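Participant: Please read through the structure below; I'll follow up with questions.
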Amino acid sequence: MKYVIDPPRQAALPIRGSSDLFPVHRIYCIGRNYAEHAREMGHDPNKEPPFFFQKNPDNLRTDGKFPYPPGTSDVHFEIEMIVALKSGGRDIQTEDAMSHVWGYGIGLDMTRRDLQGEAKKLGRPWEIGKAFEHSAPATALIPASEIGHPTTGAIWLDVNGKRRQAGDLNQMIWDIPGQIAFISTLFELKAGDIIMTGTPSGVGAIVKGDKLHGHVDGVGDLHVEVV
Ligand code: MN
């Protein structure tokens, strides 16, 4: 048996300090997981719980460049911690959830906010706002065996040296075990799935030439230039 066309390349993330790669199966993104960010987007976090959407695995990019995408004039940054799973399942219990985590990284959930806003207004899906080429700049992953499981610590983003987003991992409405448990009630999680765990407040627009510097305590730093 052979494929009738060349099979697409396996999406993957590098691993810090190694030439090995982490193969990526799916990207789950959590929306409005920090209360202040939910409020800045015009929502009440007490009335509307967080929720999920997806990006495409091949939207990941790890060379420090973010090409300004077409069809938009309002592209926003969202700095997020990434969780990478080494195993999965359905209906995972919160107390077992962390045993599925392989490691961590940092990513940007880049968003065509104008197209997302229009989709929201019309009750349409979010892909055109969220799941476009290069929309997930990310760092190499770091195994939990090296850094443990970060549950508290600063998460921030500077644009051109100015602090724009700032929060703490302990401000997540749904913590990591809660996210894994919840997703696994709706989807079958698999080894290679990654979760973008939500963004703190302060999201805003970028232009070509901007230099983004994201940080998560205990995980590291992400440097991305808008080109
Ligand atoms: Mn996001």
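The values are calculated or read from the model by the stated rules, or taken from the named source; none is laboratory data. All values reported here derive from a predicted model rather than from experimental measurement. Don't worry about glycine lacking a Cβ; one is built from the backbone with ideal geometry, like all the others, and counts go over all protein chains shown. The protein model used for the area step is the full one, side chains on, heavy atoms only, and it has no ligands, DNA or RNA in it. Shrake-Rupley method; radii C 1.70, N 1.55, O 1.52, S 1.80 Å.
Participant: Please verify whether Gly117 is more than 19 Å from Asp221 (Cα to Cα), under 18 Å from the mean Cα position of the chain (by Cα) and not in a strand (DSSP E or B), treating the condition exactly as stated.
Facilitator: So Gly117 does not fit the description; no.
Participant: I've got another one for you. Can you give me the ranges of the strands (runs of 3 or more DSSP E) entirely in the range 1-111 with at least 1 residues that are at pLDDT 95 or above and touching an Asp or Glu at 6+ places or on another chain (Cβ under 9 Å)?
Facilitator: 12-14, 27-31, 51-55, 75-77, 79-85, 101-108
Participant: One residue is enough: does the range 159-172 have a residue meeting the conditions in a helix (DSSP H, G or I), away from the ligand (no atom under 16 Å from the Cβ) and surrounded by fewer than 16 Cβ atoms within 10 Å (Cβ to Cβ)?
Facilitator: Taking every residue of the range 159-172 in turn, at least one turns out to be in a helix (DSSP H, G or I), away from the ligand (no atom under 16 Å from the Cβ) and surrounded by fewer than 16 Cβ atoms within 10 Å (Cβ to Cβ).
Participant: Of a type in the set (A, V, I, L, M), closer than 27 Å to Asp58 by Cβ and surrounded by 18 or more Cβ atoms within 10 Å (Cβ to Cβ), is that true of Leu222?
Facilitator: Judged against the criteria, Leu222 is a match.
For every residue, the table says whether it meets (1) away from the ligand (no atom under 16 Å from the Cβ); (2) under 23 Å from Trp156 (Cβ atoms); (3) open to solvent by 70 Å² or more (accessible area, probe 1.4 Å).
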residue	(1), (2), (3)
Pro45	no, yes, no
Glu48	no, no, yes
Phe51	no, no, no
Ile82	no, yes, no
Ile92	yes, no, no
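Participant: Another question about this same structure. Out of curiosity, is Leu60 over 16 Å from the mean Cα position of the chain (by Cα), closer than 23 Å to Ile206 by Cα and surrounded by 20 or more Cβ atoms within 10 Å (Cβ to Cβ)?
Facilitator: no
Participant: Among the residues that make up the range 122-130, is at least one of them within 12 Å of the ligand (Cβ to nearest atom) and closer than 18 Å to Gln165 by Cβ?
Facilitator: The answer is yes, given that some residue of the range 122-130 is within 12 Å of the ligand (Cβ to nearest atom) and closer than 18 Å to Gln165 by Cβ.
Participant: Can I ask one more? Taking the range 189-227, which residues are away from the ligand (no atom under 16 Å from the Cβ) and not in a loop (DSSP other than H, G, I, E, B)?
Facilitator: Matches in the range 189-227: Leu189, Lys211, His213, His215, Gly220, Asp221, His223, Glu225, Val226.
Participant: Assuming Gly209 fulfils every condition listed in (1) open to solvent by 20 Å² or more (accessible area, probe 1.4 Å); (2) under 23 Å from Pro45 (Cα atoms) apart from one, which condition is it?
Facilitator: In the conditions (1) open to solvent by 20 Å² or more (accessible area, probe 1.4 Å); (2) under 23 Å from Pro45 (Cα atoms), Gly209 misses (2) alone.
Participant: Is there a residue being touching a His at 6+ places or on another chain (Cβ under 9 Å) and within 25 Å of Thr185 (Cβ to Cβ) anywhere in the range 60-77?
Facilitator: Among the residues of the range 60-77, not one is touching a His at 6+ places or on another chain (Cβ under 9 Å) and within 25 Å of Thr185 (Cβ to Cβ), which makes the answer no.
Participant: Can you find a residue that is free of Cβ contacts under 8 Å to residues at least 60 places away in the same chain and open to solvent by less than 60 Å² (accessible area, probe 1.4 Å) anywhere in the range 119-128?
Facilitator: Yes, the range 119-128 contains a residue that is free of Cβ contacts under 8 Å to residues at least 60 places away in the same chain and open to solvent by less than 60 Å² (accessible area, probe 1.4 Å).
Participant: Out of the residues in the range 131-158 that are more than 20 Å from Val75 (Cα to Cα) and out of contact with any strand residue (DSSP E or B) (no Cβ under 7 Å at 6 or more places or on another chain), state the one that is least open to solvent (accessible area, probe 1.4 Å).
Facilitator: For the range 131-158, the residue satisfying everything is Gly148.
Participant: Can you confirm whether Gly214 is in contact with an Asp or Glu (Cβ under 9 Å, 6 or more places away or on another chain), open to solvent by less than 10 Å² (accessible area, probe 1.4 Å), in contact (Cβ under 8 Å) with a residue 12 or more places away in the chain and closer than 26 Å to Gln93 by Cβ?
Facilitator: No: the conditions fail for Gly214.
Participant: If only one of Pro137, Pro177 is within 15 Å of the ligand (Cβ to nearest atom) and either at pLDDT 95 or above or assigned to a strand (DSSP E or B) (or both), which one is it?
Facilitator: Pro137
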